[in-house]
1. Quote the FRET efficiency, to the nearest 0.05, computed for residue B:70 versus residue B:4 with a Förster distance R0 of 25 Å and r equal to the Cβ-Cβ distance.
2. What FRET efficiency do you get for residue A:98 and residue B:103 if R0 is 45 Å and r is their Cβ-Cβ distance, rounded to the nearest 0.05?
3. Taking the simple approach of a point 7 Å from Cα along Cα-to-Cβ for both residue A:4 and residue A:196, what is their distance in nm?
4. What is the helix-to-structure angle for A:33-56, meaning the angle in degrees between its Cα long axis and the longest Cα principal axis of chain A, kept from 0 to 90 and rounded to the nearest 10?
5. Based only on the alpha carbon positions, what is the Kirkwood hydrodynamic radius of segment B:15-99, in angstrom?
6. Under a crude label model (7 Å from the Cα following the beta-carbon direction), how far is residue B:158 from residue A:160 in nanometres?
7. Can you bin chain A into rounded, prolate or oblate? Criterion: square roots of the alpha carbon gyration tensor eigenvalues sorted a ≥ b ≥ c, rounded for a/c under 1.5, prolate for a/b above b/c, oblate for the rest.
8. Take every Cα-Cα pair in chain B and report what % of them are more than 28 Å apart.
């Protein structure tokens with residue numbers, strides 16, 4: 001039971017590929033796998049901690065002003081995570097840029113606070129946050145890996161090239177149009193798979 | 001950007017660095033509110049209004065509160081509260097003073113609070129170190145760029161209704177393909193400024 005709260009965000013209710021929420025970073029920072037993983041993990045931390053705090057404070061949060069309270073909680077954790085990244089991984093902070101503070105307005109986080117954490121216990125909420133955050137990370141990894149391979153013909157991590165493919169480099173894949181195109185194709189493949197499952 | 005002229009800022013914000021098609025800010029309303037040209041234009045107008053106001057208010061808050069008292073680390077919390085309060089305030093004022101405009105923008109206003117483009121523009125204004133005039137011009141130009149993109153996108157999507165789209169591509173995937181083609185078109189403006 002507890003385990004299913006953690007795992008359903010990964011594939012079945014994947015926030016990006018199934019629920020289609022919080023799309024801005026999915027398109028914007030998926031130019032390299034490294035950025036995708038960094039962004040994903042930042043969201044996991046913010047989502048898990050804000051879910052936990054929202055759940056812990058739900059008994060004394062007045063219903064009518066809950067949204068501003070959620071936003072302040074989320075903004076606090078985003079600030080903390082942003083400062084930590086800036087201090088320990090400055091290169092990541094530079095390449096994610098404005099998208100770190102913009103985690104605040106990622107609808108995924110507010111949606112989980114409203115739809116789950118405000119009506120569930122702290123442990124369940126924490127698990128839900130980790131699961132949904134990891135689902136988001138998985139989606140970012142898929143899209144950023146495709147874009148990086150097609151765009152540069154290689155995967156680089158931490159400054160070293162992990163592997164290189166003998167394919168032509170399609171620069172447009174790491175430019176903005178490639179983001180829309182790759183996401184469109186990934187969603188179409190996902191639709192084709194679920195359509196086939198329904199027919200069977 | 002800090003020393004750029006006003007015209008450069010305008011052209012850059014509308015065409016070259018279009019918020020939606022090259023910076024990927026405001027994707028949610030871009031995809032969600034673009035089924036009809038009419039709603040897209042309504043959303044665009046509301047964004048122009050709120051974004052310009054938010055630009056001005058966050059500029060004052062940044063200069064006279066955050067920087068002055070060395071509390072820059074509170075920027076995110078401060079900005080998001082200003083935007084949320086501003087949207088509420090605009091809603092109340094419009095309802096009272098300009099009911100016709102209110103009924104036109106009505107349902108779009110609350111949605112804008114969570115529009116990352118508004119917070120994005122406030123943060124960029126600060127990053128670029130803009131003065132008040134440039135902040136106003138930049139915020140408004142970004143919003144016009146958003147409106148341009150969403151209206152173009154909606155008019156293509158309206159035409160798409162009559163087309164036979166493969167099953168797997170129906171809904172979001174085909175919309176994203178259109179966005180990709182639009183983005184390719186806007187890529188042509190690169191290097192203009």
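Coordinate-derived values only; no laboratory data. Note that the structure is predicted; figures quoted are calculated from it, not measured. Using ideal geometry, Cβ is built from the backbone for each residue, glycine included, and neighbour counts are taken over all protein chains shown.
1. Details: r = 28 Å, r/R0 = 1.12.
Efficiency, from the Cβ-Cβ distance: 0.35.
2. Working: r = 34 Å, r/R0 = 0.76.
After rounding, the FRET efficiency stands at 0.85.
3. Calculated label separation equals 2.7 nm.
4. 10 degrees
5. Numbers: mean 1/r = 0.0675 Å⁻¹.
Value: 14.8 Å, from the Cα pair sum.
6. Reported label-point gap for residue B:158 and residue A:160 is 5.6 nm.
7. Values: a/c = 2.31, a/b = 1.43, b/c = 1.61.
Judged from the Cα gyration tensor, chain A comes out oblate (a/c at least 1.5, b/c at or above a/b).
8. Working: 5424 of 18528 pairs.
Counting pairs separated by more than 28 Å, the tail of P(r) holds 29 percent.
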